[in-house]
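**Student:** Input: one structure, supplied below.
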Amino acid sequence: MSDPAPTSSFLLRGTAAGNTLRFIGMDSTRVVEDARVRHDLSKTATAALGRTLTASALLSVVLGKRSDSRVTVRVEGDGPVGWIVAEGSADGRVRGYVRQPHADLPLRESDGKLDVSGVVGTDGELAVTRLLDNGEPYTGSIRLVSGEIAEDVSAYLGVSEQIPNAVLLGVYEEGQRVTHAGGLLVQAMPGVTDETLGTLETNIRALGQITTALRHGGLLGVMERAAEGLGLTLAQEAQDVRFECRCSRTKASDSLKFFSAAERQEMIDDGGQEIVCHWCGERYHISPDEIAALDAAETHARA
């Protein structure tokens, strides 16, 4: 029997090689399992969204300039899952969805792994939106490198942000649930030596699949192995990360203001309207009285 899924996801931060390497690791098992349940995802769609959710959280640490920073990652390839969107916040909240949650593919014949690249596609774009120092949004994008997500995020950081890096992402599913998921982002800082980078490259190559390493040594073990011989120093406290949306009943109700009065009357006649948040799958039933109150509020505003 496999170990039970952890009750929470978390981030660990650290430095190594005399502060010339920055390590951000995440155990995202709980977050990805929440996403799978919320969106009724297929196995391969779970892996694709799970990797992107993890990436958004890691990028919120690297690219976030403010305590309220949010980083949105959008992956759109030519595969059957359509687009993937994930948002990571500096305060530990993540959310995301895919266009086709039930899209799936057989395991790859070459190695028996989930075919994430196949379900995402290789012809497409990865775009990252973040806030600049002045609070204005900025979006950078690159063509997809592989559709495996980790390689694409790494290429984005190197090309668009000019940040030398290494990125590992993975999702492992056993039976009908996610048992291990996580990621590691290593950022090269000013002053890093070629010798340090060579050691890091050797360590990461020896690490292999991150989900295998997570299963055998947990996130701490992954980070220690990646930084072997480089003097890893970890921050004292982990940061909790959770799948949490910013939707609300009020926002759902307010969205009906964009419909015409005639359309809202039809909703009233039909017994109300159900609003489904595409980010998290939460369902809100807006009653006829609540819809009527929107019209009354508009009439009062015009008076």
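**Student:** Let me test this: with uniform point scatterers at the alpha carbons of segment 120-272, what is the Debye-based log₁₀ I(q)/I(0) at q = 0.09, 0.14 1/Å?
**Tutor:** Taken in order of the listed q values, log10 I(q)/I(0) reads -0.49, -0.93.
**Student:** Follow-up. Can you compute log10 of I(q)/I(0) for segment 9-243 with the Debye formula, treating each Cα as one identical point scatterer, at q = 0.09, 0.10, 0.11, 0.12 Å⁻¹?
**Tutor:** -0.33, -0.41, -0.50, -0.60
**Student:** Cα convex hull of segment 234-288: mean projected area in nm², to one decimal?
**Tutor:** 5.1 nm²
**Student:** Pull out the extension gain between Glu244 and Asn19, defined as 0.36 nm times the separation in residues minus the alpha carbon to alpha carbon distance; nm, one decimal.
**Tutor:** 77.7 nm
**Student:** Looking at the chain as a GNM with Cα springs under 10 Å, which of Asp27, Asp91, Asp133 has the largest mean-square fluctuation?
**Tutor:** The residue that fluctuates most here is Asp133.
**Student:** Dipole magnitude of segment 1-142 about its Cα centre, charges +1 at Lys/Arg Cβ and -1 at Asp/Glu Cβ only, in debye to the nearest 20?
**Tutor:** 420 debye
**Student:** Now for a separate question. Which of the peptides 9-15, 63-69, 243-249, 154-160 is most tightly packed, and how do the rest follow, judged by the mean count of other Cβ atoms within 10 Å per residue?
**Tutor:** So the order, starting with the most tightly packed, is 9-15, 154-160, 243-249, 63-69.
**Student:** Let me ask something additional. Give the order of Met189, Met26 when sorted by the count of other beta carbons within 10 angstrom, beginning with the fewest.
**Tutor:** Sorted ascending by nearby Cβ count, the order is Met189, Met26.
**Student:** Hey, another quick one. Extending each Cα 7 Å along its Cβ direction at Val37 and Arg108, get the distance between those two points in nm, one decimal.
**Tutor:** Going from the Val37 label point to the Arg108 one covers 3.0 nm.
**Student:** How far is it, in nm, from the label point at Glu161 to the one at Glu274 when both lie 7 Å from their Cα along the line to the Cβ?
**Tutor:** Output for this residue pair reads 3.9 nm.
**Student:** Here is a further query. How much length is gained if the chain between Gln176 and Glu228 is pulled fully straight, taking 0.36 nm per residue apart and subtracting their Cα-Cα distance, in nm to one decimal?
**Tutor:** Fully extending the segment from Gln176 to Glu228 adds 15.3 nm.
**Student:** Going toward the positive end of the dipole of the chain, with +1 on Lys and Arg Cβ and -1 on Asp and Glu Cβ, which of Ala213, Val145, Tyr97 do you reach last?
**Tutor:** Looking along the dipole axis, the top candidate is Ala213.
**Student:** How much of the DSSP beta bridge set in the chain is antiparallel, as a percent to the nearest 5?
**Tutor:** In the chain, DSSP labels about 95 percent of beta bridges as antiparallel.
**Student:** Give, rounded to the nearest 20 debye, the magnitude of the charge dipole that the chain has about its Cα centre when Lys and Arg contribute +1 at Cβ and Asp and Glu contribute -1 at Cβ.
**Tutor:** Roughly 520 debye for the chain.
**Student:** Further, regarding this structure: Using the charge dipole of the chain (Lys, Arg: +1 at Cβ; Asp, Glu: -1 at Cβ; taken about the Cα centre), state which of Leu294, Gly272, Ile24 has its Cα farthest towards the positive end.
**Tutor:** Ile24
**Student:** I'd like to know which of Val128, Gly198, His180 lies farthest towards the positive end of the charge dipole of the chain, counting +1 on Cβ of Lys and Arg and -1 on Cβ of Asp and Glu.
**Tutor:** Checked the options; the winner is Gly198.
A short reminder: the numbers here are calculations on the coordinates, not readings from a lab. Here the structure is a predicted model, which is why all the values come from computation and not from measurement. As a convention, Cβ positions derive from the backbone with ideal geometry for all residues, glycine included, and neighbour counts pool all protein chains shown.
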